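**Student:** The structure that follows is given in the form of structure tokens.
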Amino acid sequence: MQTLPSVAVVILNWNGRNFLQQFLPSVLASTYTNLRVIVADNASTDDSVQFVQQTFPSVEILTSNENYGFAKGYNFFLQQVKADYYVLLNSDVEVTTKWIEPIIELMEADKSIAACQPKILSFHQKDTFEYAGASGGWIDALGYPFSRGRVFDVLEKDTGQYNDAVEIFWASGAALFIRAEQFHAMKGFDEFFFAHQEEIDLCWRLQRSGYKVFVCPQSVVHHVGGGTLPTGSSQKVFLNFRNNLVMICKNLPWSQLWWKLPLRVGLDAVSAWKELLSGKSIYFFAVIKAHFAFTGWVFGPKQTATGTYPRLKTVYKGSVVWQYFIQKKKIFSEIVKAV
């Protein structure tokens, strides 16, 4: 009998005792047999570690002396984990019992798939896609990410419309399956990102190295979302704007970057002024701060990206901003038809 590939579910935790109490039982109920469940604690100041040790003795625990954030945190902890596949799972995710098997079967059948995600539905609205990944991520020509089931802040109901296992541009960091060998070959996440969009950058680099990224909706999880940084927070706005500019600067060829980058900076400025005029000064100053931080990255030491610049069918060739705000197309399926 053939041995199943080894899978390590690694839950990065920072002061998430309540989420661990609520959602670890669902992870431990997974039916996949060659499985390790690991809580990687990012220097929590609550009693997360003691709680897991006492309540879930089968769960392995790794600890750090400081909060490294999402990107550096996973890089640090995964150096200590040996497995064929890593599953990077947010602490605020409830999984279904057979969520692992369909994805491992898919990836084992096609060795060119380096990363994959399940269908991610909202924990609070079980029939609705969740913001962080929905049924697989895409990106537009200017580097704006969106998903099958989520465009900006519009979330679709799940009626089975995106139930096909297909190639996507990026897989969500909320529940990311990735081959351990390829994670380390890519040198993991870019630690400059700290948190937000580092998984999109990693998936882009994987594709530039000849690998594919997939969604497997036969696997379903439910995500609370906003567990560490609430939606609309100044820090979240800052990281999203800064990291997105860094990502496109790393991964676009100069033949596109010379005109797309100034256009993106201009669109960011329009967004910032729009929010300022509507009374959201915190948003405005977060975007300005992000642009200054991006400029510092340009002139500082950085992780570079290598590989080719393949034409990817999961890049929307138009502007999702134009389709959403001007053409008023709010649904993924409407937008991708408007190429």
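The values are calculated or read from the model by the stated rules, or taken from the named source; none is laboratory data. Nothing here was measured: the structure is a model prediction, and the numbers come from that model. For neighbour counting, all protein chains shown are included, and Cβ atoms are generated from backbone atoms with ideal geometry for every residue, glycine included.
**Student:** Tell me whether segment 41-63 contains one or more residues that are within 25 Å of residue 202 (Cα to Cα) and either basic (Lys, Arg) or touching a residue at least 60 places away in the same chain (Cβ under 8 Å) (or both).
**Tutor:** Let us first name the residues in segment 41-63 that are within 25 Å of residue 202 (Cα to Cα), namely 41-43, 62-63.
So of that shortlist, the ones also either basic (Lys, Arg) or touching a residue at least 60 places away in the same chain (Cβ under 8 Å) (or both) come out as none.
There is no residue in segment 41-63 that is within 25 Å of residue 202 (Cα to Cα) and either basic (Lys, Arg) or touching a residue at least 60 places away in the same chain (Cβ under 8 Å) (or both).
**Student:** Now a separate question. Filter segment 246-282 down to residues that are touching a residue at least 60 places away in the same chain (Cβ under 8 Å) and in a helix (DSSP H, G or I) and give me whichever is farthest from the chain's Cα centre (by Cα). I'd like the intermediate steps shown before the answer.
**Tutor:** Taking segment 246-282 first, the residues touching a residue at least 60 places away in the same chain (Cβ under 8 Å) are 247-248, 250, 252, 260, 263-264, 267.
From what's left, in a helix (DSSP H, G or I): 247-248, 250, 260, 263-264, 267.
Working: 247: 13, 248: 16, 250: 17, 260: 23, 263: 25, 264: 21, 267: 23 Å.
Across segment 246-282, the extreme among qualifying residues is 263.
**Student:** For residue 189, state whether it is within 20 Å of residue 75 (Cβ to Cβ) and either out of contact with any Ser or Thr (no Cβ under 7 Å at 6 or more places or on another chain) or not assigned by TED's automatic domain parsing to the domain that holds residue 69 (or both). Before you say what the answer is, go through the steps one by one.
**Tutor:** Working: within 20 Å of residue 75 (Cβ to Cβ): yes; either out of contact with any Ser or Thr (no Cβ under 7 Å at 6 or more places or on another chain) or not assigned by TED's automatic domain parsing to the domain that holds residue 69 (or both): yes.
In short, yes.
**Student:** Next question, about the same structure. Any residue in segment 292-303 that is among the charged types (D, E, K, R) sitting within a Cβ distance under 7 Å of a residue that is crowded, with 16+ Cβ neighbours inside 10 Å? List the pairs, counting only those 6 or more apart or interchain.
**Tutor:** Here the result reads 302/192, each pair linking segment 292-303 to a residue that is crowded, with 16+ Cβ neighbours inside 10 Å.
**Student:** So in segment 1-19, with the set limited to residues that are hydrophobic (A, V, I, L, M, F, W, C), assigned to a loop (DSSP other than H, G, I, E, B) and at pLDDT 95 or above, which one is surrounded by the fewest Cβ atoms within 10 Å (Cβ to Cβ)? Give the derivation first.
**Tutor:** Residues of segment 1-19 hydrophobic (A, V, I, L, M, F, W, C): 1, 4, 7-12, 14, 19.
Remaining after also requiring assigned to a loop (DSSP other than H, G, I, E, B): 1, 4, 14.
So of that shortlist, the ones also at pLDDT 95 or above come out as 4, 14.
On the way: 4: 16, 14: 21.
The residue in question is 4.
**Student:** Is one or more of the residues making up segment 244-257 surrounded by 14 or more Cβ atoms within 10 Å (Cβ to Cβ), basic (Lys, Arg) and under 18 Å from residue 137 (Cβ atoms)?
**Tutor:** Yes; the residues of segment 244-257 include at least one that is surrounded by 14 or more Cβ atoms within 10 Å (Cβ to Cβ), basic (Lys, Arg) and under 18 Å from residue 137 (Cβ atoms).
**Student:** Looking at the structure I just gave you, is residue 296 outside any loop (DSSP other than H, G, I, E, B) and either modelled with pLDDT of 95 or more or in contact with a Ser or Thr (Cβ under 9 Å, 6 or more places away or on another chain) (or both)? Give the steps one after another, and end with the answer.
**Tutor:** Numbers: outside any loop (DSSP other than H, G, I, E, B): yes; either modelled with pLDDT of 95 or more or in contact with a Ser or Thr (Cβ under 9 Å, 6 or more places away or on another chain) (or both): yes.
Against the criterion (outside any loop (DSSP other than H, G, I, E, B) and either modelled with pLDDT of 95 or more or in contact with a Ser or Thr (Cβ under 9 Å, 6 or more places away or on another chain) (or both)), residue 296 qualifies.
**Student:** Looking only at segment 166-195, count every residue that is surrounded by fewer than 24 Cβ atoms within 10 Å (Cβ to Cβ), in contact with a Phe, Trp or Tyr (Cβ under 8 Å, 6 or more places away or on another chain) and without any contact (Cβ under 8 Å) to a residue 60 or more places away in the chain and tell me the total.
**Tutor:** Residues in segment 166-195 being surrounded by fewer than 24 Cβ atoms within 10 Å (Cβ to Cβ), in contact with a Phe, Trp or Tyr (Cβ under 8 Å, 6 or more places away or on another chain) and without any contact (Cβ under 8 Å) to a residue 60 or more places away in the chain: 1 in total.
**Student:** Pull up segment 297-339, narrow it to residues that are of a type in the set (Gly, Ala, Ser) and in contact with a Gly (Cβ under 8 Å, 6 or more places away or on another chain), then point me to the one that is nearest to residue 207 (Cα to Cα). Before the answer, list the steps.
**Tutor:** So in segment 297-339, the residues of a type in the set (Gly, Ala, Ser) come out as 300, 305, 307, 318-319, 333, 338.
From what is left, the residues that are in contact with a Gly (Cβ under 8 Å, 6 or more places away or on another chain) are 307, 338.
On the way: 307: 9, 338: 24 Å.
Out of the qualifying residues, it is 307.
**Student:** Residue 61 - would you say it is at pLDDT 95 or above, more than 22 Å from the chain's Cα centre (by Cα), hydrophobic (A, V, I, L, M, F, W, C) and in a strand (DSSP E or B)?
**Tutor:** Working: at pLDDT 95 or above: yes; more than 22 Å from the chain's Cα centre (by Cα): yes; hydrophobic (A, V, I, L, M, F, W, C): yes; in a strand (DSSP E or B): yes.
Spelling it out, residue 61 is indeed at pLDDT 95 or above, more than 22 Å from the chain's Cα centre (by Cα), hydrophobic (A, V, I, L, M, F, W, C) and in a strand (DSSP E or B).
**Student:** Might you check whether a residue that is of a type in the set (Gly, Ala, Ser) and closer than 20 Å to residue 183 by Cα occurs anywhere in segment 29-42?
**Tutor:** Looking only at segment 29-42, we keep the residues that are of a type in the set (Gly, Ala, Ser), and these are 29-30, 40.
Still in the running and closer than 20 Å to residue 183 by Cα: 40.
Yes; the residues of segment 29-42 include at least one that is of a type in the set (Gly, Ala, Ser) and closer than 20 Å to residue 183 by Cα.
**Student:** Next question. Hey, residue 22 hits all of (1) within 16 Å of residue 100 (Cβ to Cβ); (2) part of a helix (DSSP H, G or I) but one; which does it fall short on?
**Tutor:** Unmet for residue 22, out of (1) within 16 Å of residue 100 (Cβ to Cβ); (2) part of a helix (DSSP H, G or I): (1).
**Student:** Oh, and also: Is segment 215-225 home to any residue that is over 21 Å from residue 123 (Cα atoms), surrounded by fewer than 20 Cβ atoms within 10 Å (Cβ to Cβ) and not acidic (Asp, Glu)? Reasoning before the result, please.
**Tutor:** First pass over segment 215-225, keeping only residues over 21 Å from residue 123 (Cα atoms): none.
Taking every residue of segment 215-225 in turn, none turns out to be over 21 Å from residue 123 (Cα atoms), surrounded by fewer than 20 Cβ atoms within 10 Å (Cβ to Cβ) and not acidic (Asp, Glu).
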